[in-house]
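This report refers to the structure that appears directly beneath it.
Please treat every number below as a calculation from the coordinates, not as lab data. All of these numbers come straight from a predicted model, not from anything done at the bench.
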Amino acid sequence: MLFFRSGYVESWGRGISKMEEQCAIAGLPAPQFFPKGSDFLVTFRRDIYNKEDLSKLGLNERQIKAVLYVKEKGKITNSEYQELNSISRRTATDELMELTNKFELFKNTGYGAGSFYELIAQ
């Protein structure tokens, strides 16, 4: 009510969608909402690319290591993924595809030997 009366909110019922929209525009993760009695808490996060949140998504340790690597370096190739985790090409390909298709964290750019993976949103 206070924000409505002070002009920060132009209409009732649009606050949550506006917060989600503004976070997306800023490249931030969507806010988390927690009901608490007749109130609710809103948590704004700067970075979902941390070990704890990635683990909650269901990524394995190698995938978490790769996401943190890409966060720091900007991209990763299949060969770099193999070297980073000491695994076979097939395993690297499968896990990179999971990060791309299942978890939707990476986007694949290029084809063949020149292909690399980047974070979708950072």
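Once the Cα-Cα distance is subtracted from the 0.36 nm per residue extended length, the residue 55 to residue 42 segment shows a gain of 2.5 nm.
Its relative contact order, with pairs defined as Cα atoms under 8 Å and 6+ residues apart, puts the chain at 17 percent.
Run the reach check for residue 71 against aspartates and glutamates, Cα to Cα strictly under 16 Å, same-chain hits fewer than 8 apart removed. What comes back? The qualifying aspartates and glutamates are 47, 52, 53, 61, 80, 104, 118.
Rg over Rh for the chain works out to 1.13, using Cα positions for both radii and the Kirkwood form for Rh. With runs of 4+ DSSP H residues as the only contributors, calculate the mean residue ellipticity of the chain at 222 nm using -39,500 (n - 2.57) per run, divided by the residue total and rounded to the nearest 500. Rounded to the nearest 500, it is -12000 deg cm²/dmol.
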